[in-house]
Structures are given as C-alpha cells and as structure tokens.
Amino acid sequence: MGVCGSPSRPPSISPPLRLHGRNRRSPIFRVPCSSLPSHEIAAPKSDYKPGLLDDMLFMFFRKKMVEEVGWDSKKPGYDGLIEVANRLMMKSKSISETEQSAVRVLQSLFPPLLLVLFKMLIAPVNEGKVASMMLARATAILCQWLMGQCSVNSIDLADGSSCSSGVFVERCKYLEESKCLGVCVNTCKLPTQRFFKDYMGVPLYMEPNFSDYSCQFNFGILPPPAASDKALTEPCLSICPSASRRRDVSTDKVKQCPTV
C-alpha cells in the first residue's frame, strides 16, 4: 500500500486536480447530443482476459441488476448485461430514479454490516486517506471484469498532499459497449460517486474521457457541483444510437441527449 505525502502547501478550497505518472486531461458536464469524430477514439481495446473470479463477480453483479430491473436479457455475457442496463434506464421515470436504482444495486453487492463498519471505523482514519487507498486498490483488482484493464495511480488531494488513491481505467468496456454517454453517467458515474460517499464515507470523483473511453477514479476527492462537472456538458458519442436517431430526424446540430 502506498503512503500519502505530507501537505506541501496550505489547504485550498478548490485546488487543480493533478495526477502523478500520467498526463490526464479533465473531461467536461450537461450532455448535448452532437457527434465526436471517430478518429478521436484512438486507444486500443482492452486486452484484459477475465478469470474464474471475474466470471463469478460478473454473474453476481448481473443477478443483482436483474433483481432491481425485474427483467433479464436473453443474450449471454456482456451484451446481455448492457441490455439490462438499458432497460434500467427505460423503466425509470426520471434521471434521479435511475441513479437511485443503480445505488441500490451497488448496496446489494455488500453485506450491510460491512458498509456500516467501514464507514464508521475505516473511513475516518488519517482523514480518509487510508480508506481511499484501500478502495482504489480493491477497485483496480476486483472491477476489471466490468471496466477492462486498470491500475492504481497517485493524485493530489484537496489538502495539498499526494496519495495513491486514484485508479486509471485505460479503456472502459462499460462505456464502449453501452455506446451511450447517458448510460455511463446515469448508471455508473453518478450512482458510484454517491454510493461511496453516502455508504462508505469516502468521496469519489470520476472523470470519464469520452474521446478515448478512459476513466480516472479519484478517491478522496469531492466531485464538483453538477453545473461545473465536465462530463455533464460533453457531446454524446458518435456511436450512440440515441444521438444517431436524433440526428436523422433533426436539422439542429446540437441536441440535449435524451438519456441525460
């Protein structure tokens, strides 16, 4: 486990977020539905090969998703999971309801007592840095079946110290296979941020990059207000089915994504 550095400057209210070991461009948030040129998506697909534990975690996660949605796809594997995620979006009456449903799925993956004890006993230690590092490592080890290849990296925290509590996802499989910015934001980014903050006591800011499908997890960093969260103002993916349909029937160049 890495060690968090000592503050090198006085704490600031909103310091720039810098990542060590990788030059990461912050993505940007509302979601107009204009297309991105396909040549911008240059990163190769993840070559991560899931093992037996990954298969078990996948089946468990899909089972919990199906229980929440009340419906299952006939398709096997990841394609079926994406159809269940899309059904979750369709059945919800609002974006808020979609987020709440996704949070319930995440809750169901953990024993309730574990969440309570982690938030009460681990999260407060060393101003949350120990918990942040633990969650970063657990995410990098246990979630590659969902996101693809990823690794722990170091980020700057709000108090000016650096900490190895970041996770860099090289090319998120969930975003790429869903082909929809709305699915990424409403069933992954926003509910995941809320889950870790509310139920594990650790703030999390997720920065998806819709140009190359990478994503930066920043444990220990509070997300910005929705109005200034960059991912909510990015244009929809050029491969998004919703964006394609809207472009076909509209003369406007930019439209608000119907799923965000």
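Could the peptides 204-211, 77-84, 56-63, 134-141 be put in order, highest first, of the mean number of other beta-carbon atoms found within 10 Å of their residues? Mind dumping the intermediate values first?
Working: 204-211: 22.9, 77-84: 16.5, 56-63: 14.9, 134-141: 19.1.
Ranked from most to least packed, the peptides come out as 204-211, 134-141, 77-84, 56-63.
So who's got an amide H within less than 5 Å of the one on S165, skipping anything under 5 residues away but keeping other chains? H placed 1.01 Å off N, in plane.
Long-range HN contacts for S165: I155.
Rank these residues by their accessible area, most exposed first, probe 1.4 Å: K189, K75, K230.
Of K189, K75, K230, the descending order of accessible area is K75, K230, K189.
Which value in Å does the Kirkwood hydrodynamic radius of the stretch 63-105 take, with 1/r averaged over all unlike C-alpha pairs and then inverted?
Taking the inverse mean of 1/r over all distinct Cα pairs, the stretch 63-105 comes out at 10.3 Å.
What is the spin-label model distance, in nm, from S228 to S94 if the labels are put 7 Å beyond Cα along the C-beta direction?
Each label point is offset 7 Å from its Cα along the Cβ direction, giving 2.6 nm.
For the stretch 85-243, what is the relative contact order in percent, using Cα pairs closer than 8 Å and at least 6 residues apart in sequence?
So the answer I get is 24 percent.
Could you work out the relative contact order of the stretch 130-220, using alpha carbon pairs under 8 angstrom and six or more residues apart, expressed as a whole percent?
Dividing the mean separation by the residue count of the stretch 130-220 yields 29 percent.
The values are calculated or read from the model by the stated rules, or taken from the named source; none is laboratory data. Values in this document were obtained by computation on a predicted structure and should not be read as measured data. Here Cβ is always computed from backbone atoms with ideal geometry, including for glycine, and neighbour counts include all displayed protein chains. What goes into the accessible areas is simple: the full protein's heavy atoms, side chains included, and nothing from ligands, DNA or RNA. Shrake-Rupley method; radii C 1.70, N 1.55, O 1.52, S 1.80 Å.
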